[in-house]
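> Let me begin by handing over the structure; questions about it come next.
The values are calculated or read from the model by the stated rules, or taken from the named source; none is laboratory data. Computed from a predicted model, the values in this text were never measured in an experiment. Methodologically, a virtual Cβ is constructed for each residue, glycine included, from the backbone with ideal geometry; neighbour enumeration extends over all protein chains shown. Ligands, DNA and RNA are excluded from the accessible area calculation, which covers all protein heavy atoms including side chains. Shrake-Rupley method; radii C 1.70, N 1.55, O 1.52, S 1.80 Å.
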Amino acid sequence: MASQEPQSEQSGQRRRPGPSPPRTFREHLFHTLPNYAGPYSVGIMEIEVPVREPRAFSRIKRNHIHALRMDTVLVSIFYPCDSSSYAVHKGKRPSKATWLPRPRALTCKGYAKLYNSPHLPITTYIAATTMWTKLPAFRNAKLAGRHPDAASHTSSSAHSQETLSESGEKPKFPVVLFSHGLGGSRTCYSTVCGELASNGFVVVAVEHRDGSGARSYVNIPPSGKLAAGVKRDITDSEHHYIVDYIFPLDNAQDTSPHNTRGVDTELRHAQIEMRMSEVEEAYYVLQLLNSGQGDLVYNNNLRKKGNAGSSSKGLEDINWSDWNGRLFLRNVTAMGHSFGGATTAEIVRQADRFPYIGQGILLDAWGPATPKAGELTQQSLRKPLLAINSEAFMHWPENFQRLTDIARETKDGGALCWMMTIKGSTHLSQTDFAILYPRWMSILMKTMVNPRRAVYLTVNSSLEFLNRVLPPEAKTGNTWVDEGILKTKLFVADELPLDYRPDDKWMASRLKIPNELWIRSSNWFRIKPKASGVPTDVHGKPLRGLVNFGPGNEVWMHLSPSKEEL
């Protein structure tokens, strides 16, 4: 049990969240994402620029063409912003990015192809649910110029930008580099990324073009120069190409726990190599912004009106001087989910290549695809690590063992390490899919934890971790939630808890709910339980799940530093 009660439960002291853009009437007709809970408003911008050295990775080909080619890098940057730049009296209506990457109908076809399904039903269903879902962030807003005043968030007065601290020095923000999992994109984790941004982080969500996403559009640079010596005629009517999910040859189900052939390490390791190179390019973009060269980024940006996958807004109205010297580019946090977690582990391990990475956060990492020490580098993990697992993946023995090995490698390397599991969660519980499709998550995957609570547990434990490992100057002015999650006592037992362990047939994909019909019926007709037994959001609204584990009893802690190590 945790050693202290969550902040959200203490004395009614709740932070007042930063303003979010208003929802239009059309948005209320579709599935929506919750506003962010942190004290900052959140801005977002999308950047695609040519890489410094276009190149191919590995000898793997599809249709006689190199399958893994890096020509441009595409990112969405979530950041603390000044929402007053969209003040009503200025006559500017806030612009918001769509959750589903553009072009939306063709992206739906990419998902249909990934799941080997007819595209019309997939497109129709997505169109009826999330085609018009928007991110609760201000597009191209001004970077926040002041720290939030902590006192203002516990008062009863309305929040406004006037309550921000009057310090003359503009704040600098710590950075997170985020890597998505298989079938993901730069927006599939917008809730986690946006929550971190609302707490004072600049989060760069990379969209990998390594064939691990459902579909991504690559705009061809004006030079026409592409990887592997390919030269495209700039007069060609097609100024882009498409990257769809790449299935391993003769081993399409290499992600399955039941696959006797195991993971296709040739493909997966090559993809990780390309992903790390894309992260390096994303970091270079941050260096340009931080050194006053935002105009260079603007001039080279390929996500602009008329190009594939682009909004008509592009990077308009951004004052690039606001970004000059505003980022902490040391002690950067690498973070990723699933295959992105595997990528993150290798980034943290390769300290010589990534000296600016200070720590890593693994969200339900895909263990079997994570390179072992010595496979891609002779270096070992020697930087702080936090691993947050789902219960569904905890019951996958091979995956849990690999994560345990990674945690112990980190601990043996002299670094702080925590490894924990969120009770009642499944693999997609840390993604936007769980927020947007909670009923399907509950019915098909047997997810029991409230989807928003799973995200808040993920974000708040990450904030507790970063509060311990970041240097003091990177934490100035921030009032991060501390629920005491990382103080949860170690789970000591001869074997893992088996109450919700699924049958082998459903290993890793879902949980098993004993007396499921009774539990669901009880929830449908229940009398509301006492508020003290249910966690709440920042507004005090209960976050009830199919099963409520109660504040202080929502995670298992498998490994944590001793008092002496802390």
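Table: residues versus (1) open to solvent by less than 20 Å² (accessible area, probe 1.4 Å); (2) assigned to a loop (DSSP other than H, G, I, E, B); (3) more than 23 Å from residue 311 (Cα to Cα).
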position: 35; (1), (2), (3): no, yes, no
position: 42; (1), (2), (3): yes, no, no
position: 50; (1), (2), (3): no, no, no
position: 76; (1), (2), (3): yes, no, no
position: 101; (1), (2), (3): yes, yes, no
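> Check residue 446 against each of (1) open to solvent by 10 Å² or more (accessible area, probe 1.4 Å); (2) touching a residue at least 60 places away in the same chain (Cβ under 8 Å); (3) under 16 Å from the mean Cα position of the chain (by Cα) and name the one condition it does not meet.
(3)
> What are the pairs, 6+ residues apart or on separate chains, where a residue within the stretch 247-273 that is closer than 22 Å to residue 113 by Cα has its Cβ under 8 Å from a residue that is among the basic types (Lys, Arg) and not in a loop (DSSP other than H, G, I, E, B)?
The qualifying pairs are 254/268.
A quick yes/no check of all residues on (1) farther than 27 Å from residue 17 by Cβ; (2) at pLDDT 95 or above; (3) among the polar types (S, T, N, Q); (4) crowded, with 18+ Cβ neighbours inside 10 Å:
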| position | (1), (2), (3), (4) |
| --- | --- |
| 86 | no, no, no, yes |
| 105 | yes, no, no, no |
| 115 | yes, no, no, no |
| 128 | yes, no, no, no |
| 138 | no, yes, no, yes |
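> Among the residues of the stretch 367-383, write down those that are open to solvent by 30 Å² or more (accessible area, probe 1.4 Å) and within 22 Å of residue 469 (Cβ to Cβ).
373, 379, 380, 382, 383 - these are the residues of the stretch 367-383 that are open to solvent by 30 Å² or more (accessible area, probe 1.4 Å) and within 22 Å of residue 469 (Cβ to Cβ).
> Could you list all residues from the stretch 14-33 that are within 18 Å of the chain's Cα centre (by Cα) and open to solvent by less than 30 Å² (accessible area, probe 1.4 Å)? Show your work before the answer.
Here is the first cut: in the stretch 14-33, the residues within 18 Å of the chain's Cα centre (by Cα) are 32-33.
Within the stretch 14-33, just 33 meets the criteria.
> Here's a follow-up. Return a yes/no flag: does the stretch 497-514 have any residue that is of a type in the set (Asp, Glu), part of a loop (DSSP other than H, G, I, E, B) and open to solvent by 20 Å² or more (accessible area, probe 1.4 Å).
Of all residues in the stretch 497-514, those of a type in the set (Asp, Glu) come to 499, 503-504.
When the remaining residues are screened for being part of a loop (DSSP other than H, G, I, E, B), the result is 499, 503.
Cutting the leftovers down to open to solvent by 20 Å² or more (accessible area, probe 1.4 Å) gives us 499, 503.
Within the stretch 497-514, one or more residues are of a type in the set (Asp, Glu), part of a loop (DSSP other than H, G, I, E, B) and open to solvent by 20 Å² or more (accessible area, probe 1.4 Å).
Yes or no, residue by residue, for (1) in a strand (DSSP E or B); (2) at pLDDT below 95; (3) more than 23 Å from residue 489 (Cα to Cα); (4) of a type outside the set (Ser, Thr, Tyr):
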{"site": "359", "(1), (2), (3), (4)": "yes, no, no, yes"}
{"site": "383", "(1), (2), (3), (4)": "no, no, no, yes"}
{"site": "421", "(1), (2), (3), (4)": "yes, no, no, no"}
{"site": "428", "(1), (2), (3), (4)": "no, no, yes, yes"}
{"site": "441", "(1), (2), (3), (4)": "no, no, yes, yes"}
{"site": "449", "(1), (2), (3), (4)": "no, no, no, yes"}
{"site": "454", "(1), (2), (3), (4)": "no, no, no, yes"}
{"site": "458", "(1), (2), (3), (4)": "no, no, no, no"}
{"site": "463", "(1), (2), (3), (4)": "no, no, no, yes"}
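> If you don't mind, another one. Applying the selection to the stretch 321-337, what residues are out of contact with any Lys or Arg (no Cβ under 7 Å at 6 or more places or on another chain) and open to solvent by less than 20 Å² (accessible area, probe 1.4 Å)?
Within the stretch 321-337, 323, 332, 333, 334, 335, 336, 337 meet the criteria.
> Going through the stretch 278-307 one residue at a time, which ones are open to solvent by 20 Å² or more (accessible area, probe 1.4 Å), in contact with a strand residue (DSSP E or B) (Cβ under 8 Å, 6 or more places away or on another chain) and not in a helix (DSSP H, G or I)?
Correct list: 307 only.
> Output the number of the condition that residue 256 fails; it satisfies all remaining conditions of (1) hydroxyl-bearing (Ser, Thr, Tyr); (2) part of a loop (DSSP other than H, G, I, E, B); (3) open to solvent by 50 Å² or more (accessible area, probe 1.4 Å).
Condition (3) is where residue 256 drops out.
> Restricting attention to the stretch 483-496, which residues are open to solvent by less than 50 Å² (accessible area, probe 1.4 Å) and not hydroxyl-bearing (Ser, Thr, Tyr)?
The initial filter retains those residues of the stretch 483-496 that are open to solvent by less than 50 Å² (accessible area, probe 1.4 Å), namely 483-486, 488, 496.
Scanning the stretch 483-496 gives 483, 484, 485, 486, 496.
> Going by the structure shown, is residue 317 modelled with pLDDT under 95 and either in a loop (DSSP other than H, G, I, E, B) or open to solvent by 10 Å² or more (accessible area, probe 1.4 Å) (or both)?
Numbers: modelled with pLDDT under 95: yes; either in a loop (DSSP other than H, G, I, E, B) or open to solvent by 10 Å² or more (accessible area, probe 1.4 Å) (or both): yes.
The answer is yes for residue 317.
> Let me ask you something else. Whether any residue in the stretch 379-393 is under 30 Å from residue 34 (Cβ atoms) and aromatic (Phe, Trp, Tyr) is what I want to check.
First pass over the stretch 379-393, keeping only residues under 30 Å from residue 34 (Cβ atoms): 384-393.
Now narrow it down to the ones that are aromatic (Phe, Trp, Tyr): 393.
Among the residues of the stretch 379-393, at least one is under 30 Å from residue 34 (Cβ atoms) and aromatic (Phe, Trp, Tyr), which makes the answer yes.
> Which condition does residue 80 not pass, out of (1) in contact with a Lys or Arg (Cβ under 9 Å, 6 or more places away or on another chain); (2) open to solvent by less than 60 Å² (accessible area, probe 1.4 Å); (3) on the phi < 0 side of the Ramachandran plot, if it passes all the others?
Failing condition for residue 80: (1).
> Moving to a separate point now. If you take the residues in the stretch 384-434 that are open to solvent by 20 Å² or more (accessible area, probe 1.4 Å) and either among the polar types (S, T, N, Q) or within 20 Å of residue 193 (Cβ to Cβ) (or both), which one is farthest from the chain's Cα centre (by Cα)?
Applying the filter and picking the extreme gives 401.
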